[in-house]
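Quick notes on the structure that follows.
The values are calculated or read from the model by the stated rules, or taken from the named source; none is laboratory data. This is a predicted model, so every value here is computed, not measured. Glycine also receives a Cβ, built like all others from the backbone with ideal geometry; neighbour counts cover every protein chain displayed. Side chains are part of the model used for accessible areas, which takes the heavy atoms of the whole protein and leaves out ligands, DNA and RNA. Shrake-Rupley method; radii C 1.70, N 1.55, O 1.52, S 1.80 Å.
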Amino acid sequence: MFLACAALVAAGAAPAAAQEPGFLEQARTLAGREAWAELRDLAVVEFASAGEDNARACDALGQQARAEAGLLEMEACVATLQALAERGVDPAAPLDSLGGPPLALVTDTVWSKCWANYDPDFNRGCWQALFEAFPDSPWAGVGAGRLLMAALKTGDAGAARRLEAWFADALAAAREGGQEEQRLWLTGRLLAGHLEAGHADARILGLAVELWQEAWSSACTRHGYEGPPAGPLADLEAARRRRECELDTDDAWNRLARATVLAGGTLEAGHPALAIEAEPGARFEDATAAAGLEGLRAARVAARDFDGDGDPDLCFSGRLFENEEGVFREVTKERGLGKGGAGALFGDYDGDGEPDLLVTSSPSPTLYRNLGRKGRYAFEEVSAALGLDRVRFEATPEGAAWADYDGDGDLDLYFAVYENPLGKGHPDVLLENRGKDGFADVSEESGVAAAGPWCGRGVSPCDFDLDGRLEILVSNYRLQPNLLWVRGEDGRLRDRAPDLGFHGVEQQGAYGHTIGSVWGDADGDGDLDLFCANLAHPRFVRQGFSNLSMLYLQGQDGNWSEEALTRGIRFQETQSDPAFVDYDHDGDLDLSLTCVYEGVPSALLQNDGNGGFQPVTLRSGAVAFHAWGQAWFDFDGDGFLDVLYASSSGVRLFRNLGNGNHWLRVRLETRGEDPDAFGAVVRVQTLEEDPPRTWTRQLVNARGTTSQDEAVLSFGLGAYAGRVEVRVTWPDTGRTTVRKAKPDRTLRIRRGI
């Protein structure tokens, strides 16, 4: 099309003024599609045809510079910007045809290409020429920060000194000029340079503390908030104002957390976390290196004792690690595993009492049968024998779970299929376990295939209404509604999410970027509640769409209310994989959240006993960055739950140092198609206090975005050291009661064995 326009201009068929709107319209379309090569070629032709029309020529040069930035042709981009300057257009001043300053758009475009790439050479290629040509521009701090990161990573002391000097001069100029916002922004870029290089000392930590305090103070003034920085708030308006402050200061909190950990993790007097976070009920120590996991990178994790020796082992999306007295050794090949995938989950599909392993590979799932003690706990692939090789996913299955959807006692498989290409969802897949006949695809007949298509990321089965029928919560991404599948009398699944509000809140036709969800009794009233972790970009939230993470509490009347805001769930942009866990054994469920993106910390929120939450992340010592999945399990056998955060920046295993509280762990075993009894509900009640206390837990095999905790239910009893009664409601609604159980041990409850 643009060649035809150029031909018309050359032939004198139309005046220049008539061509300009056509060029700009095409340019905007191409930029929107990030068709940078086409935009560059279009701009070159437009510039050639502009002749003496300086305005047209400058418009063309502006678009050409942006296109060259998109192609990371930075030498050419700088030359084009300099050509603009020679024609009297300041690259740092707004250009109407671009909708902003050329340098700002070029910087944004380059940033979109490298924001998650921390390779020093790549970043030098992105920023060196632009920074050297325009060191005084208002946006030069972006390149300076990335170049500082590159210098620190490669040990280029000379370059690091020059960039530090540049930041010192720029900060002094902003301070003298009264440009407070620019000063804070530059401080953030300086910090980013150090933190992205994995470096922080007392000076950098001091800057991070200063930045956080100034950012929080400014946000509170801007939004009229005067309350506490964290914790539950009964005043809804105050909670809303605080949420606005959290949206404004999320980046500052990330930098503060990263600087704190890199500087040693000690919270000296005056550290903001001492005011923001509660006193933790227990603390953690980093056991990653001691456990043999240093340097391992992973996204998802499953914990399970696959070899029957009594301690939990780990699987990272198909890579198997055996727990040998608290040290993990990779045994993937020697145990017969080979194929990796997006995730992996243990489940006993054939009811022989040995945990088998599902790997969510693409285009078909992979299933390994555990050969048990006689087979030295090796695995054999049975995918083809069970018909799984005939399954074809149209995209990667990000979410998966074993789920007895039809109530026949064996484990079926549900897959939440993600996107391919970007933003294009696909139907989910439901496979029914038919015993020796393998797995049958019942996506069509069940009604699953007709839904969506959505971009699925998590599957969280749970019998939330305790009626003996398992429901399946599907977490969907890309601002799409979540699903809650409930099986009807006719055998078909129906989505009840709209009835209960679990779709999310519709805003301008959008919902949320839900990554993972988890069920648990958050408020201690005996029924099961739901937390959905949503990635929510502040700019979208401010534009009036994109759901934040949601906490749905089930009332005694069966109705639900969403109360994340007033219950103290602190905003973080990239909340991903949630877990309810009583980490401190005080009897209530705390909330652990991973947060994806480099440099973003996980969060540990402590339950106050009434369903309100207060952060304890930095004070507890359990914090990981760029984490995706997580698993809670007792890897050292002391009764307290430890945590592993799976991160592509390096997994982190934290040992729970415990406290004086008492506890009871319950391991279930039953004879039948699912010996693990997933879906069973266990209630523990005190016998020697008045009134007695009761805790309710349900054993689920998957949560979040294909995460799996140890298949043991953990009950914190607090200071109570007396005997308890344990009541089990099995998935088939049968019941078992154990009276006068002693605390501080693992209770094995076996039925029919």
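Odds and ends about this structure:
- Using θ = phi - 60° and Karplus 6.51 cos²θ - 1.76 cosθ + 1.60, couplings along region 498-511 (whole Hz; Gly, Pro as x): x, 5, 9, x, 6, 4, x, 9, 6, 9, 6, x, 10, 10
- Each of Pro229, Trp253, Thr694 was scored by the projection of its Cα onto the charge dipole of the chain, and the greatest displacement toward the positive side belongs to Trp253; charges sit on the C-beta of Lys, Arg, Asp and Glu.
- Solvent exposure of the chain as accessible area per residue, Å², 1.4 Å probe: 39 Å²
- Computed on the Cα atoms alone, the convex hull of region 334-408 gives a volume of 97 cubic angstrom per residue.
- Packing around the peptides 513-519, 333-339, 278-284, taken as the average count of other Cβ atoms within 10 Å per residue, puts them in this order, highest first: 513-519, 278-284, 333-339.
- Remark on region 55-113: ratio of C-alpha radius of gyration to 2.2 N^0.38 Å is 0.96.
- Net charge of neighbours whose Cβ lies under 9 Å from the Cβ of Arg146, counting Lys and Arg as +1 and Asp and Glu as -1: +1
- Counted residue by residue at 0.36 nm each, then reduced by the alpha carbon distance between them, the extension gain from Arg693 to Asp136 reaches 193.9 nm.
- Descending principal axes extents, region 441-551, alpha-carbon based, whole Å: 44, 37, 20
- Its Cα gyration tensor gives region 81-161 an equivalent ellipsoid; the semi-axes, largest first and in whole Å, are 26, 14, 9.
- Couplings for region 632-645, taken from phi via the Karplus curve 6.51 cos²θ - 1.76 cosθ + 1.60 with θ = phi - 60°, read 10, 6, 9, 7, 10, x, 9, x, 9, 7, 9, 9, 10, 9 Hz in order; Gly and Pro are left as x.
- Over region 655-753: Kirkwood hydrodynamic radius from C-alpha pairwise inverse distances, Å: 14.3 Å
- Positive-pole candidate from Leu386, Tyr414, Leu371, dipole of region 368-458, charges at beta carbon: Leu371
- Shape summary: region 518-611 maps onto an equivalent ellipsoid whose semi-axes, from the alpha-carbon gyration tensor, are 23, 17, 9 Å in decreasing order.
- Diffusion coefficient, µm² s⁻¹, Stokes-Einstein with Kirkwood Rh over alpha-carbon pairs of region 121-197 at 37 °C and 0.692 mPa s: 268 µm²/s
- Along its first, second and third principal axes, ordered by size, region 194-332 spans 58, 38, 26 Å in Cα coordinates.
- For Glu277, nonlocal amide neighbours, meaning residues 5 or more places apart or on other chains whose placed amide H falls under 5 Å from its own, do not occur.
- Per-pair calculated FRET efficiency, R0 = 35 Å: Arg373 and Tyr597 via Cβ, rounded to 0.05: 0.20
- Cα gyration tensor category, rounded, prolate or oblate, for region 392-466 with a/c compared to 1.5: prolate
- Here Kirkwood radius over Cα pairs in Å was computed from the coordinates, and among (1) 28.0; (2) 26.4; (3) 29.2 the match is (1).
- Per-selection Rg to Rh, region 634-684 - Cα, Kirkwood hydrodynamic radius: 1.09
- Between the C-alpha center of region 321-353 and that of region 265-315 there is a gap of 21 Å.
- Gyration tensor (alpha-carbon) shape descriptor, region 156-238, a/c threshold 1.5: oblate
- Cα-centre dipole for the chain with unit charges at Cβ (Lys and Arg positive, Asp and Glu negative), debye to 20: 680 debye
- Burial ranking of peptide ranges 537-545, 304-312, 587-595 (average Cβ count within 10 Å, highest at the top): 587-595, 304-312, 537-545
- Once divided by 2.2 N^0.38 Å, the Cα radius of gyration of region 34-83 becomes 1.03.
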